[in-house]
């Protein structure tokens, strides 16, 4: 009587799938993030902010005040325009209070400001990633003169103090809807950093055995790039783009704080913080609310990006 040997495909433990096959790297990374309290808390807060931005029209319809609506009754003209009531004018109509002097609803401006920040940050991240991947892979794959030209362009852009040049460029342009201009300017100065990483990894991958084998089998440049090299850059790109978003949100807020970002009365967290500078001593809510939302959003995105990086490294090592 013989005993059947266990299948080599079977694998016990939490990494095994329902069929006994090893769990994919993506599932292992997702499982690691679900058991990471910092990643869970960060994700929960970001979901809350995104839902607030999406549901902004519905919430303002309930409260009755949009981001540009003035409520003269909510401020006391005899006290220099300070909000009536405690905590910066918090009431049933104004859940987070009102701005001094004009009585604009802070919650409405926070929600619509989140729309502006996320739209600009995610659009700039997409454009930056596209430019960085294209030029980085061109430089790393073809090398030679292509690498020399692209690398010198990257060095040229990275040598500039980007924030100073962003301010100079945006301040020289006419006022108007600057959202598209912000995306373009941020992306122009942001893509070289991603492209340099992609270039280095592509140079390493192009000499690996599996790429050489595909080339020997007759695969063209397109097949080598899209089927062999690009899939191996996926984990790095996810981490880099996740960490880029909080930086771009901070950049947009900083430019709006300096008066060269989105044009009023379009809401922006940076613009709200700039307007609250002269009021923080007598109305702390006006400064604290947008400042806290900006801080927690950037912190949550940074922590989530870092935890994704750690989970990705652990998943690739296992």
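FYI, it's all coordinate maths here, none of it is from the lab. What you see is a predicted model; the values in this text were computed from it and never measured. Methodologically, a virtual Cβ is constructed for each residue, glycine included, from the backbone with ideal geometry; neighbour enumeration extends over all protein chains shown.
Estimated at 0.36 nm per residue, the fully extended path between residue 197 and residue 263 surpasses their Cα-Cα distance by 20.3 nm. Building the convex hull from the alpha-carbon atoms of segment 241-318 and averaging its projection over directions returns 5.8 nm². Among 150, 238, 106, 47, a tally of other beta-carbon atoms within 10 Å of each Cβ gives an order, fewest to most, of 47, 238, 150, 106.
Taking the fewest neighbouring Cβ atoms within 10 Å as the starting point, the ordered list for 135, 165 is 165, 135. Residue separation of residue 47 and residue 165 scaled by 0.36 nm, minus their Cα-Cα distance, works out to 39.1 nm of gained length.
How many nm is it between the label spots at residue 143 and residue 292, if each spot is 7 Å from the Cα in line with the beta carbon? The modelled label-to-label distance comes out at 5.6 nm.
Using the Cα coordinates of segment 90-212, the gyration tensor eigenvalues translate into equivalent-ellipsoid semi-axes of 42, 18, 9 Å, sorted from longest to shortest. With a cut-off of 18 Å on the backbone N, the residues of segment 239-269 near the modelled label site 7 Å out from residue 30 along Cα-Cβ are 239. Anyone know which of 97, 144, 259 comes out most mobile in the 10 Å Cα GNM of the chain? Result: 144 has the largest fluctuation of those listed. The protection proxy used here, the mean number of other Cβ atoms lying within 10 Å of each residue, ranks peptides 203-216, 181-194, 223-236 as follows, highest first: 181-194, 223-236, 203-216. The simple spin-label model puts a point 7 Å past each Cα toward its Cβ; for residue 204 and residue 130 those points are separated by 2.8 nm. Using only Cα atoms, locate the centre of segment 196-235 and the centre of segment 277-317, then give the distance between them in Å, rounded to an integer. Segment 196-235 and segment 277-317 have Cα centres spaced 36 Å from each other.
PRE reach from residue 281 (point 7 Å along Cα→Cβ): which of segment 53-79 fall under 18 Å by backbone N? The answer is 79, whose backbone nitrogens lie closer than 18 Å to the label point.
For the pair residue 230 and residue 93, a Förster radius of 41 Å applied to the C-beta separation gives a FRET efficiency near 0.20, rounded to the nearest 0.05. Report the calculated FRET efficiency for residue 84 and residue 156 (r = Cβ-Cβ distance, R0 = 51 Å), to the nearest 0.05. It comes to 0.40.
Secondary-structure-derived ellipticity at 222 nm for the chain, considering helices only, amounts to -21500 deg cm²/dmol, per-run term -39500 (n - 2.57) for DSSP H runs with n ≥ 4. Ranked by the mean number of other Cβ atoms within 10 Å per residue, highest first, peptides 244-254, 26-36 order as 244-254, 26-36. Just to be sure I understand: with springs between alpha-carbon atoms less than 10 Å apart, which residue in 49, 153, 40 has the highest mean-square fluctuation in the Gaussian network model of the chain? Among 49, 153, 40, the largest GNM mean-square fluctuation belongs to 153. Residues 95, 145, ranked from the fewest to the most other C-beta atoms within 10 Å, line up as 145, 95.
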